[in-house]
Amino acid sequence: MNENESNTSAVVHNIRAAKRAVSTVKTTLGPMGMDKMMVDGGGNVIVTNDGATILQQLDITHPAAKMVVEAANTQENMCYDGTTSTVVLAGELLGNSELLFNKGLHANIICRGYRKASRWATEHIANLSHPAKQKLAEVAKTSITGKALESSIEHVSELCVDAVVNSDGDYDRIRVLCQPGDSLDDSSCFNGVILHKEFMLPAMPLVPTGKALLINTGLSDNKTDDNVQLNLGSAAEYQQYKRQSSRDNWVEKAQSVIELLPDGGVLFVRDSVNEVAAATLARQGISVVQRIPESDMTALSKLLNTSVAHGAEDLVDPVDCDVECKTIGDMKYVVVKGDGEVTTLVLRGATQQTLDETERGFEDALGVVCLAYNSDKVVAGGGSSYLNAALYLRSRAAEAGGREQMAIDAFADALESIPATIAENAGHDPLDTILTLRNEHIAGNKSAGPDIENGGVCNMLDLDVYEPLSLVRQAIQSASEVTISILRIDDIIGKKTE
Ligand code: ADP
Ligand code: MG
């Protein structure tokens, strides 16, 4: 960036750039939110409803807009879902601060007010929570509503809950495998790891006996050989040396595997395995799966409760496991069962594009169920908790005194944009919805939210719309933090490229 933009105009520039990014995702919020089709120069298409995915795919160059994308990414990383809400809230907070600037408030006063409001709102929302037990399927359904997965919502939410309970709330112990073909209803949950791989050689036993070894490197040419200085007289001598040294190497490595698996078994290898070594192993009844992605390797070590050896030199004792080759459609898989709690969700779907979006929806749903399972607290969804927090903030704004209370009121207005946008995206009047919602909440109906089917408002708990408390809390915190960071910038200066 060459030009210097200065003072207030820099803030306003930043606010407007960030708001432009926000407006792209705003129409996707809520169960009736629309999807975006994104096409790149190469003609690749992504169809998605996921806020973070849309922002990641946009070609955003403005630094302030990039900060909003970062906030969405933080939300995705911490809570798996609620990214659109975070971004919409940040957009409203920024828009409202522009109005406050115009009224003559200093950025620092706005930041102070927003910070206080964010703390009060998150504290207040904790008081609205319910125990998460028995509500896990509802949390999954709330996340799935409006997504590609909705067609099989009952089945899919059941799978999510099963997977989370099986893995005791550890997201890292849940794997998702997409398998084109059939329909979403044929998706299933499996206790174990399924590798999209096959045994290396046809000669390998397809159901190996129950011992396994895991190696994080490979059984092939030792690459460091090339860095050794040698005096060789001819090309033939070099060939001879090369053949001999690498052969010794595989033989030695294969030998140490055979010693540990005298009755056969299976060897899982992160890198590649030399064919000669593989043939040697196959003769001893050992099946080999090579080039296993790192995440699969980690899942295997969790499933089998064992560590992954760095190389053939430091192998640990083999572990019990149950391995089998399976062909589904025209795809080959290696199915591994063990004692550890690792669950694989096998997703079925017609096309790769729908499967990709299905997978994103699934990951969100799994994530929020894990959050609810672990934190044990949920709140009513549909933006009802945001609206209740807005009323609470207005009731306390005067406490802050001075101009800060204007910022707190502005924060409350921004919180209301969540239920308002959900209603608006469903084709209902956002203002009427908010006004009715305020009355309901003042009358004590703390779970009132927008009725997206019929318009007006209804009790979110009657519709079983629940979301994890921590998701809402994080969304408010991420949105207010990114807003404050943007407001604190008073100058954009081109910096030297390093
Ligand atoms: P995000 O990326 O923020 O999760 P979504 O498009 O997934 O955005 O919309 C989530 C919002 O939709 C949440 O506030 C959730 O409570 C709300 N929601 C889900 N189902 C319903 C429903 N049946 N009625 C009203 N609101 C709903
Ligand atoms: Mg969502």
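Which residues, counting only those in the stretch 464-497, are more than 19 Å from Pro430 (Cβ to Cβ), assigned to a loop (DSSP other than H, G, I, E, B) and either at pLDDT 90 or above or not aliphatic (A, V, I, L, M) (or both)? If the condition is that a residue be more than 19 Å from Pro430 (Cβ to Cβ), assigned to a loop (DSSP other than H, G, I, E, B) and either at pLDDT 90 or above or not aliphatic (A, V, I, L, M) (or both), then Asp464, Arg488, Asp490, Gly494, Lys495, Lys496, Thr497 are the ones that fit. Report the residue count in the stretch 75-131 for those that are in contact (Cβ under 8 Å) with a residue 60 or more places away in the chain, acidic (Asp, Glu) and more than 15 Å from ligand 1 (Cβ to nearest atom). Of the residues in the stretch 75-131, 1 are in contact (Cβ under 8 Å) with a residue 60 or more places away in the chain, acidic (Asp, Glu) and more than 15 Å from ligand 1 (Cβ to nearest atom). Taking the criterion of being over 29 Å from Asn374 (Cβ atoms) and either away from ligand 2 (no atom under 16 Å from the Cβ) or among the hydroxyl-bearing types (Ser, Thr, Tyr) (or both), would at least one residue in the stretch 470-487 satisfy it? Yes.
Just one of the listed residues (Ser287, Ser256) is hydroxyl-bearing (Ser, Thr, Tyr), in contact (Cβ under 8 Å) with a residue 24 or more places away in the chain and in a helix (DSSP H, G or I), namely Ser256. Each residue in the stretch 339-386 was checked for being within 16 Å of ligand 2 (Cβ to nearest atom), farther than 15 Å from Tyr80 by Cα and either part of a helix (DSSP H, G or I) or at pLDDT below 90 (or both), and 3 of them qualify. Residues of the stretch 440-482 that are within 20 Å of Ala420 (Cα to Cα), crowded, with 23+ Cβ neighbours inside 10 Å and more than 14 Å from ligand 1 (Cβ to nearest atom): Ser480 alone. Summed over the stretch 59-94, the residues that are farther than 16 Å from Thr28 by Cα and more than 16 Å from ligand 2 (Cβ to nearest atom) give a count of 13.
Scan the strands (runs of 3 or more DSSP E) fully inside the stretch 119-200 and keep the ones with 1 or more residues being among the polar types (S, T, N, Q) and farther than 25 Å from Ile422 by Cβ. Walk me through how you get there before you give the answer.
Details: elements: 174-180, 188-191, 193-195.
Once the strands (runs of 3 or more DSSP E) in the stretch 119-200 are filtered for at least 1 residues that are among the polar types (S, T, N, Q) and farther than 25 Å from Ile422 by Cβ, what remains is 174-180, 188-191.
Return yes or no: is Ala420 surrounded by 19 or more Cβ atoms within 10 Å (Cβ to Cβ), among the aliphatic types (A, V, I, L, M) and closer than 15 Å to Lys116 by Cβ? Taking the combined requirement at face value, the residue does not satisfy it.
Taking the criterion of being surrounded by fewer than 24 Cβ atoms within 10 Å (Cβ to Cβ), within 16 Å of ligand 1 (Cβ to nearest atom) and either of a type in the set (A, V, I, L, M, F, W, C) or over 20 Å from Ala137 (Cα atoms) (or both), the only residue of the stretch 330-383 that qualifies is Glu357. In the stretch 320-329, the count of residues that are surrounded by fewer than 23 Cβ atoms within 10 Å (Cβ to Cβ) and touching an Asp or Glu at 6+ places or on another chain (Cβ under 8 Å) is one or more.
Name every residue in the stretch 26-46 that is away from ligand 2 (no atom under 16 Å from the Cβ) and in a strand (DSSP E or B), in order of residue number.
As a first pass, look at the stretch 26-46 and keep what is away from ligand 2 (no atom under 16 Å from the Cβ): 37-46.
Within the stretch 26-46, Met37, Met38, Val39, Val45, Ile46 qualify.
Of the set (1) assigned to a loop (DSSP other than H, G, I, E, B); (2) away from ligand 1 (no atom under 11 Å from the Cβ); (3) buried (at least 21 other Cβ atoms within 10 Å of the Cβ); (4) not aliphatic (A, V, I, L, M), all apply to Asp59 but (3). Cβ-Cβ distances below 6 Å connect the following pairs, each with a first residue in the stretch 418-445 that is of a type outside the set (S, T, N, Q), a second residue that is assigned to a helix (DSSP H, G or I) and surrounded by fewer than 20 Cβ atoms within 10 Å (Cβ to Cβ), and a separation of six or more residues or different chains: Ala420/Pro430; Ala423/Pro430; Glu424/Pro430; His441/Leu391.
Checking Gly427, Gly456, Gly449 one by one, the residue that is touching a Cys at 6+ places or on another chain (Cβ under 8 Å) and either farther than 16 Å from Ile125 by Cβ or not β-branched (Val, Ile, Thr) (or both) is Gly449 and no other. Filtered by the rule that a residue be more than 16 Å from Ala71 (Cβ to Cβ), crowded, with 18+ Cβ neighbours inside 10 Å and not β-branched (Val, Ile, Thr), the stretch 99-123 gives Leu100, Leu105, Ala107, Arg112, Gly113, Lys116, Ala117, Trp120, Ala121.
The values are calculated or read from the model by the stated rules, or taken from the named source; none is laboratory data. All figures in this text were calculated on a predicted structure; none of them were measured in a lab. Virtual Cβ from ideal backbone geometry, glycine too; neighbours counted across all protein chains shown.
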